[in-house]
Amino acid sequence: MNYAHLIGVGAAVPKNVLTNADLEKMVDTDSEWIETRAGIKERHKSDDDEWVSDLAIEASKKAIEHSGMDPEDIDLIICATVTGDTTMPSIASMIQYYTGAKNAGAFDLGAACPGFLYGLNTANAYIKADLAKNILVIGAETTTKVVDYTDRGTCILFGDGAGAVVVSASEEDGGIIQSYTGGDGSLGNLLYLPGMRQRVPVSLEKDPIPLYVKMAGNEVYKYAVKSMVDSAKKVLKDSGYTPDDVKYLIPHQANIRIIEATAKRSGFPMDKVLVNIDRYGNTSSATIPLALNEAVKDGRIGKGDLLLGVSFGSGFSWGAVLFRWN
Ligand code: UT7
């Protein structure tokens, strides 16, 4: 029996930082509102010539180096992104070339914010089925390129970043223990970004066609808490573990109030929750690997620690993955 172990992690963010004070000069908002209502102080914003593939490649190189693996031993690359700089080739194919992982198959995965957890779930399935041995899973976004900086309901939330992990097959018990993915496609009109063919969710007016992320923040908020709580509880119940067994809950960083409500209703005190939304904002599929990277590198997470990632986003899509580090 193969187990999917997470053995390396890396992350990258653009150098440019956009503070709440900067946003005050761009849109009708104020720093205190953003900090109190969303928990965000600053976020990283890509330059015009800085792309999601640049961040994903940097994060991937760091994850491979951290794992101690030879890039040529990677046999699959899954990049979760909905802000790829090209539709084809995939961002995963660019990562394959620029990391030297020349023996890897590569594809992108589009599941919005929970995309990284969907990627871990997919990697686990490949490993369990003996279809791959060493898989790079990346969550990478440059959402600031697709937010409307006249819409204060969205532009204050998002930031750019990428995080990557190496998932490796081993017969030793551990790694990914339990996972779950779910969704409700009927709610696609509450949070969406038109693609290059400009189709919008069926229920919406087509004129004028928006080019940016559109979100009914308040309604999304309620579903976010409910589906993350349900996902966390389901994965714990199915695996037989309790919040006491888990070292850290790693929730999607969409809003500090969503994080706090999710933690409370899932049975986690806040000192067992990884939070970095204050410095990065909502980086969509990158939030969980960014938080994981920080906590592994600063020593809060060590070998054998049980972790629970939980996320929610457009689709609607949601999911949770329970795993041991390393
Ligand atoms: O990652 C995928 C999932 N995404 C999410 O889960 C995001 C979910 N939603 C949210 O995080 C929150 O709904 C927001 C942060 C987007 C908004 O917070 P809220 O507490 O739900 O505010 P609201 O939309 O109910 O608006 C309250 C007031 C309104 O003013 P009035 O009508 O009461 O006078 C808004 O116009 O706050 C106003 N407002 C703002 N004021 C200053 C909305 N955005 C801003 C702003 N600055 N940026």
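The values are calculated or read from the model by the stated rules, or taken from the named source; none is laboratory data. These numbers were taken from a predicted model, which means no experiment stands behind them. Cβ: placed from backbone, ideal geometry, glycine included. Neighbour counts: every protein chain shown. Ligands, DNA and RNA are stripped out before the accessible areas are found, and what is left, the full protein with its side chains, is counted by its heavy atoms. Shrake-Rupley method; radii C 1.70, N 1.55, O 1.52, S 1.80 Å.
Using only Cα atoms, find the angle between the long axis of helix 256-266 and the longest principal axis of the chain, and express it within 0 to 90 degrees, rounded to the nearest 10.
So the inclination is approximately 50 degrees.
So what is the diffusion coefficient of the chain in µm² per second by Stokes-Einstein at 25 °C and 0.890 mPa s, using a Kirkwood Rh over Cα pairs?
Calculated translational D: 126 µm²/s.
Under 16 Å Cα to Cα from residue 247, which aspartates and glutamates show up? Leave out anything in the same chain fewer than 8 places away.
271, 294, 298, 305
With a 1.4 Å probe and all protein chains kept in place, how do 215, 1, 228, 270 rank by accessible area, largest first? The partial results should precede the final answer.
Working: 215 55, 1 150, 228 0, 270 75 Å².
Output order, biggest surface exposure first: 1, 270, 215, 228.
How big is the accessible area of residue 226 in square angstrom, nearest 10, if you roll a 1.4 angstrom probe over the protein chains?
It works out to around 120 Å².
Pick from 307, 211, 55: which residue has the top mean-square fluctuation in a GNM of the chain where Cα pairs under 10 Å get a spring?
Of the options given, 211 has the highest mean-square fluctuation.
If packing is taken as the average number of other Cβ atoms within 10 Å across a peptide's residues, how do 107-119, 155-167 rank, most packed first?
Listed from highest to lowest mean packing, they are 155-167, 107-119.
Where q = 0.12, 0.16, 0.22, 0.23 Å⁻¹, what log10 of I(q)/I(0) comes from the Debye formula for the range 240-326, counting one point per Cα?
Results for the range 240-326 at q = 0.12, 0.16, 0.22, 0.23 Å⁻¹ read -0.32, -0.58, -1.13, -1.23.
Please state, as a whole number in µm²/s, the translational diffusion coefficient that the Stokes-Einstein equation yields for the range 176-324 at 25 °C and 0.890 mPa s, with Rh defined as the Kirkwood radius across alpha carbon pairs.
It comes out at roughly 152 µm²/s.
Taking a cut-off of 16 Å between Cα atoms, list the aspartates and glutamates near residue 222, but don't count ones fewer than 8 places away on the same chain.
Partners within reach: 184, 230, 260.
Leaving out same-chain residues fewer than 8 places away, which aspartates and glutamates sit with a Cα under 13 Å from that of residue 145?
Qualifying aspartates and glutamates at Cα under 13 Å: 47, 48, 49, 50, 85, 160.
Ignoring ligands, DNA and RNA, what percent of the accessible area of the range 176-324 is carbon or sulfur (1.4 Å)?
Answer for the range 176-324 is 51 percent, counting heavy atoms of protein chains only.
Which of the trypsin sites (Lys or Arg not before Pro) found in the range 273-326 are loop residues per DSSP with 16 or fewer other Cβ atoms within 10 Å of their Cβ?
Loop-located and lightly packed - 300, 303.
The chain: longest stretch without exposed GluC sites (Glu not before Pro) (DSSP loop, at most 10 other Cβ within 10 Å), sites themselves excluded? Intermediate values should be presented prior to the final figure.
Numbers: sites that count: 171, 172, 205.
In the chain, the maximal stretch lacking such sites is 1-170.
For the range 3-170, place one equal point scatterer on every Cα, skip the solvent, and apply the Debye formula. What is log10 of I(q)/I(0) at q = 0.12, 0.13, 0.17 Å⁻¹?
-0.55, -0.62, -0.92
In degrees, nearest 10, range 0 to 90: what is the angle between the Cα axis of helix 115-128 and the longest Cα principal axis of the chain?
That helix lies at roughly 20 degrees to the long axis.
Report the net charge of residues surrounding residue 219, where surrounding means a beta-carbon distance below 14 angstrom and charges are Lys +1, Arg +1, Asp -1, Glu -1.
With Lys, Arg at +1 and Asp, Glu at -1, the neighbours total +2.
With the chain treated as a Gaussian network of Cα nodes joined by springs under 10 Å, which of 278, 49, 130 yields the largest mean-square fluctuation?
Maximum among the listed residues: 49.
Cα axis of helix 217-239 to longest principal axis of the chain: angle in degrees, 0 to 90, nearest 10?
10 degrees
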